[in-house]
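Notes follow once the structure below has been shown.
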Amino acid sequence: MISNQILQNTIEGLKTITRIELSIVDTDGKVLATTISGAVDFENMAVNFASSAADSQEIQGFQFFKVYDEQQLEYILIAQGGSDDSYMVGKIAAFQIQNLLVAYKERFDKDNFVKNLLLDNLLLVDIYNRSKKLHIETEVKRVVMIVETLGEKDTNSLESVRSLFSTRTKDFITAVDEKNIIVVKELTEQESYEEIEKTAKLIMGLFDTSAKEGIHVAYGTIVNEIREVSRSYKEAKMALDVGKIFFNERDVIAYSELGIGRLIYQLPIPLCKMFIKEIFDGRSPDEFDEETLTTINKFFENSLNVSETSRQLYIHRNTLVYRLDKLQKSTGLDLRVFEDAITFKIALMVVKYMKYMENFEY
């Protein structure tokens, strides 16, 4: 069904061009959109016209036209005036509304297909049969992007994203839940992840700066077959979740950038607890004081380089060595040894994941 706002915009545009006042009512005579000023009661006239066999009729100085949706009467278009010009404009307007119905139905059919494709609700044979029927190419490069908006999905955000892709008729913008907008973007042979990243940043730019804090964009890997689109969607979903745990300072995150966080995210919580208990004897690595945690994080940032870490922390090299020795005594892990450093880094990420999941449950 076309929104009343779209109907209103359509007849206002036609009125601007033709200077003929127009109105659209439903089959019960209720006004859905109008440019006619003043209260005009079309109810009885519309109901009588709807029940008649005529497709157009002049009634009390107005031209009435029926608009069908696959043989079903959907709207009645009314043009003010009994002249030939009013009749001609009314016919054009009715034809325009008829075409809008067809276009919106086609978009709905495609939208429904894409939703089921993303959610793996289609058999392989149905994917290709429906793609052919809807004139959707099956063997082109595509990627799925997810835009997480603030609170529940609102129409303005969805329409803003759609407007960004308005000139790209082969891209699909839809939503499968209340919070996320999904973009299935078709790519040329030359387009790569660099272009996808640019597009993600353009999407972020659609939102007001003050509201960006809770908005994220994530995307999966590029696929070459339409049957693989659901995989890219699942990857984008994982990127969105994992990004909020391990890359919470970033607005845009790609599945290919998740690294070890992708593996940790798939671990069961009991296994994570067992790992932390075995490595730290029940103590959590995030229980260290702020100074120790800052030292650890900076040491990792500088790829275990003692000299660079001490320089950035504005401390003497011996002071850093003392802190690392102290940490080794309390945990049994020497961060200057690569294997121990990896263990500690993973432990920090596991604790972060556990805390996120604990808060998520509540």
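For TYR362, indicate whether it is open to solvent by 60 Å² or more (accessible area, probe 1.4 Å) and either out of contact with any helix residue (DSSP H, G or I) (no Cβ under 9 Å at 6 or more places or on another chain) or at pLDDT 90 or above (or both).
yes
Give the residue, chosen from VAL176, VAL144, VAL161, VAL184, that is open to solvent by 20 Å² or more (accessible area, probe 1.4 Å) and of a type in the set (Val, Ile, Thr).
Just one listed residue meets the conditions, VAL176.
Looking only at residues in the stretch 228-264 that are in contact with a Gly (Cβ under 6 Å, 6 or more places away or on another chain) and in contact (Cβ under 8 Å) with a residue 60 or more places away in the chain, which one is nearest to VAL350 (Cα to Cα)?
Per the stated criteria, the residue is PHE246.
What is the residue count in the stretch 278-322 for residues that are among the β-branched types (Val, Ile, Thr), without any contact (Cβ under 8 Å) to a residue 60 or more places away in the chain and under 17 Å from GLY332 (Cβ atoms)?
2
Are any residues in the stretch 89-139 open to solvent by 60 Å² or more (accessible area, probe 1.4 Å), among the hydroxyl-bearing types (Ser, Thr, Tyr) and either more than 30 Å from ILE11 (Cα to Cα) or in contact with a helix residue (DSSP H, G or I) (Cβ under 6 Å, 6 or more places away or on another chain) (or both), and if so, which ones?
Listed by number, the list holds a single entry, TYR128.
Take THR295 and tell me if it is modelled with pLDDT of 90 or more, open to solvent by less than 40 Å² (accessible area, probe 1.4 Å) and either on the phi < 0 side of the Ramachandran plot or over 37 Å from the mean Cα position of the chain (by Cα) (or both).
Judged against the criteria, THR295 is a match.
Scan the stretch 337-350 residue by residue and report those that are surrounded by 15 or more Cβ atoms within 10 Å (Cβ to Cβ) and touching a residue at least 24 places away in the same chain (Cβ under 8 Å).
Residues satisfying the conditions are ALA341, THR343, PHE344, LYS345, ILE346, ALA347, LEU348, MET349, VAL350.
Which residues, counting only those in the stretch 218-227, are more than 14 Å from the chain's Cα centre (by Cα) and either free of Cβ contacts under 8 Å to residues at least 24 places away in the same chain or open to solvent by less than 10 Å² (accessible area, probe 1.4 Å) (or both)?
VAL223, ILE226
Give me a count of the residues in the stretch 268-284 that are outside any helix (DSSP H, G or I) and either within 21 Å of the chain's Cα centre (by Cα) or modelled with pLDDT under 90 (or both).
Going through the stretch 268-284 one residue at a time, the tally reaches 4.
Would you check which residues across the stretch 323-333 are surrounded by 15 or more Cβ atoms within 10 Å (Cβ to Cβ) and over 17 Å from ILE276 (Cβ atoms) and list them?
Passing the criteria: ARG323, LEU324, GLN328.
Any residue at all in the stretch 6-28 that is open to solvent by less than 40 Å² (accessible area, probe 1.4 Å), of a type in the set (Gly, Ala, Ser), in contact with a helix residue (DSSP H, G or I) (Cβ under 7 Å, 6 or more places away or on another chain) and not in a helix (DSSP H, G or I)?
No: the stretch 6-28 contains no residue that is open to solvent by less than 40 Å² (accessible area, probe 1.4 Å), of a type in the set (Gly, Ala, Ser), in contact with a helix residue (DSSP H, G or I) (Cβ under 7 Å, 6 or more places away or on another chain) and not in a helix (DSSP H, G or I).
Considering each residue of the stretch 298-310, count those that are surrounded by 15 or more Cβ atoms within 10 Å (Cβ to Cβ), over 16 Å from ASP340 (Cβ atoms) and out of contact with any Lys or Arg (no Cβ under 8 Å at 6 or more places or on another chain), and give that number.
2
Can you pull out the residues in the stretch 78-122 that are free of Cβ contacts under 8 Å to residues at least 60 places away in the same chain, touching a strand residue (DSSP E or B) at 6+ places or on another chain (Cβ under 6 Å) and either of a type in the set (Lys, Arg) or not in a strand (DSSP E or B) (or both)?
Result: GLY82, TYR87, ALA94, GLN98.
Take ALA53 and tell me if it is without any contact (Cβ under 8 Å) to a residue 60 or more places away in the chain, in a loop (DSSP other than H, G, I, E, B) and either surrounded by 17 or more Cβ atoms within 10 Å (Cβ to Cβ) or at negative phi (or both).
Yes.
Run down ILE146, ILE127 and say which single residue is at pLDDT 90 or above, assigned to a helix (DSSP H, G or I) and closer than 20 Å to ARG231 by Cβ.
ILE127
Do you know which residues across the stretch 164-173 are more than 20 Å from GLY205 (Cβ to Cβ) and open to solvent by less than 60 Å² (accessible area, probe 1.4 Å)?
Of everything in the stretch 164-173, just one residue is more than 20 Å from GLY205 (Cβ to Cβ) and open to solvent by less than 60 Å² (accessible area, probe 1.4 Å), namely PHE172.
The values are calculated or read from the model by the stated rules, or taken from the named source; none is laboratory data. Because the structure is a prediction, the values reported are computed rather than measured. Using ideal geometry, Cβ is built from the backbone for each residue, glycine included, and neighbour counts are taken over all protein chains shown. Heavy atoms of the whole protein, side chains included, go into the accessibility calculation; ligands, DNA and RNA do not. Shrake-Rupley method; radii C 1.70, N 1.55, O 1.52, S 1.80 Å.
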